[in-house]
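What follows draws every value from the coordinates through simple rules; no lab data is involved. Just so you know, these numbers come straight off a predicted model, no measurement behind them. Neighbour counts are summed over all protein chains in view; Cβ atoms, including those assigned to glycine, are modelled from backbone coordinates with ideal geometry.
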Amino acid sequence: MPTIGEIINFLETKAPLSLQESYDNAGLVCGDRNAPCSGALTSLDLTIEIMNEAIEKKFNLIIVHHPPIFKPLKKLDGNNTTTAMLIKAIQHGIAVYAIHTNLDNVIWGVNGEISERIGLQNVKVLSPLQHTHQKLVVYVPKEHEEKLKSALFDAGGGSIGNYSECSFNSEGIGTFKPLEGANPFIGSLGKRENTAEIKIELIFPIHLKFQILSAMHASHPYETVAYDIMPLANEFNEIGAGAYGDLPYPMEANDFLRFLKDTFHTGVIRHNNGPKRKIKRIAICGGSGKSLINNALQINADSYVTADLGYHDFFIPADNMLLADIGHFESEQYTSDLLARMLNKKFPTFAVLKSARKTNPVNYFL
Ligand SMILES: [Zn+2]
């Protein structure tokens, strides 16, 4: 039986908290990381029904997409739904964990799942985040090159898209003079040493910096390691908000809207007129995605599928793009399937269930 902390650590390797937006409050909301996990329930939102379901099933972890605490709370007095639910969670020893915009900002997260449901091909991030990676340059004696490189790769360095173990290696001569108090691996005190060294260069995601530097120090023979860390302005296709890709074949706008309605079981789709041409390139953003309308226009999307659009938003694309609001819950509903699937794969012998309860607070009066 994994501990709650082990489950959280796994989720955070997939969607590091450092990728959450500044306004967000993802992470462990309440609960004990050291407690063994008796079962985990996944849901888009935390509601009293979801809480009761976890109690009935004797599960002590609820993983939600939307953080139950968003604005700071001043009292935990049970006088509103949020605090009443949290008191109940604590009383029953239930941990609540929110995986929110950090899961929006990785291509294998919320938007990857939506892309999969729509059947998009060649999927990329719509608005890549910047400053997600850094570059490590480290100098090592030739005979220790392989050991160090393997340790850096194992710690998550050198991955670019569908390629792992990417690095550049060049030979050169390193110099150093050990001073009093030094305990050099090579050379002697007060004498300049010239050593054949390899310069290894590789990139790594910033959230793995601690692991990368620990691996470097543990696998390097020198007492004092010479290395540089450099910021990068590169953007990566996997890290950022929204996603876009192509339908396997072009569709008429009405057929595409019907397909969306069926796939996302939405009561109503609000949309603009859209272009006359067929629809093939699709941009998406689960949840409130109005801020990415212009990004969708920039990549020449035929349609942008999102939620929470206001009246004026529908004017923005004019007739250049079919803008479709399929509902917030509807767009993100498969996130709980994604979380349950990810956890079942990692911890196959342990109970993870997607709650069957719909938490959508919006109804459609037809
Ligand atoms: Zn949302």
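Extending 7 Å from Cα along the Cβ direction at K57 and again at K75 yields two label points whose distance is 3.4 nm.
Taking 25 °C and 0.890 mPa s as conditions, the stretch 60-182 diffuses translationally at an estimated 122 µm²/s according to Stokes-Einstein applied to its Kirkwood radius (Cα pairs). Residue-normalised convex hull volume from the C-alpha trace of the stretch 208-366: 193 Å³ per residue.
Mean residue ellipticity, 222 nm, helices only, the chain: the sum of -39500 (n - 2.57) across DSSP H runs of n ≥ 4, divided by residue count and rounded to 500, is -8000 deg cm²/dmol.
What percent do you get for the relative contact order of the stretch 190-314 when only Cα pairs under 8 Å and 6+ apart count? Computed over the stretch 190-314, the figure is 20 percent.
In square nanometres, what is the average projected area of the Cα convex hull of the stretch 190-242?
Numbers: hull surface 22.5 nm².
Mean projected area for the stretch 190-242: 5.6 nm², to one decimal.
In this structure, S170 and K276 have a Cβ-Cβ separation that, at R0 = 45 Å, corresponds to a calculated FRET efficiency of about 0.20. Of S331, S43, S288, the residue with the greatest mean-square motion in the GNM of the chain, using alpha carbon springs below 10 Å, is S288.
Taking max minus min of the alpha-carbon positions on each principal axis, the chain gives extents of 86, 56, 39 Å, largest first. DSSP bridge analysis restricted to the chain gives an antiparallel fraction near 70%, rounded to the nearest 5. Normalised by the number of residues in the stretch 15-114, the mean separation of alpha-carbon contacts (under 8 Å, six or more apart) gives a relative contact order of 40 percent.
Given their separation in residues at 0.36 nm each and the Cα-Cα distance between them, N294 and D154 gain 46.5 nm when the chain is fully extended. Each residue, T349 and A233, gets one label point 7 Å from its Cα in the Cβ direction; the gap between the two is 5.2 nm.
In the structure displayed, which of K149/K191; K135/K199; K75/K354 lie more than 19 Å apart, Cα to Cα?
On the way: K149/K191 29 Å; K135/K199 13 Å; K75/K354 31 Å.
Check vs 19 Å cut-off fails for K149/K191; K75/K354.
Can you give me the orientation-averaged projected area of the convex hull built on the Cα atoms of the stretch 91-244, in nm²?
Details: hull surface 55.1 nm².
For the stretch 91-244, averaging the hull's shadow over all directions gives 13.8 nm².
Can you give the extra length, in nm with one decimal, that the chain gains between N254 and K147 once fully stretched, where that is 0.36 nm per residue apart less the Cα-Cα distance? Could the numbers behind the result be given before it?
Working: separation 107, 0.36 × 107 = 38.52 nm, distance 5.80 nm.
So the chain would gain 32.7 nm between N254 and K147.
Let me know the volume per residue of the alpha-carbon convex hull for the stretch 287-344, in Å³.
Numbers: hull volume 4.9 nm³, N = 58.
Per-residue hull volume (Cα only) is 85 Å³.
So what is the relative contact order of the stretch 133-231, in percent, for Cα pairs below 8 Å that sit 6 or more residues apart? Working shown, then result.
Numbers: 178 pairs, mean separation 45.9, N = 99.
It rounds to 46 percent for the stretch 133-231.
Using Cβ contacts closer than 10 Å as the measure, can you line up Y364, Y304, Y139, Y227 from fewest to most?
On the way: Y364 9, Y304 32, Y139 19, Y227 16.
Ordered from fewest to most neighbouring Cβ atoms within 10 Å, Y364, Y304, Y139, Y227 come out as Y364, Y227, Y139, Y304.
Taking the Cβ of Y97 as the center, what net charge do the other residues with Cβ under 14 Å away carry, scoring Lys and Arg +1 and Asp and Glu -1? In short, -3. Taking other Cβ within 10 Å of each residue's Cβ, how do D104, D77, D45, D302 sort, fewest first? Placing the least packed residue first, the sequence is D77, D45, D302, D104.
Among V305, V362, V123, V225, the ranking by other beta carbons within 10 Å of each residue's beta carbon, starting with the fewest, stands as V362, V225, V123, V305.
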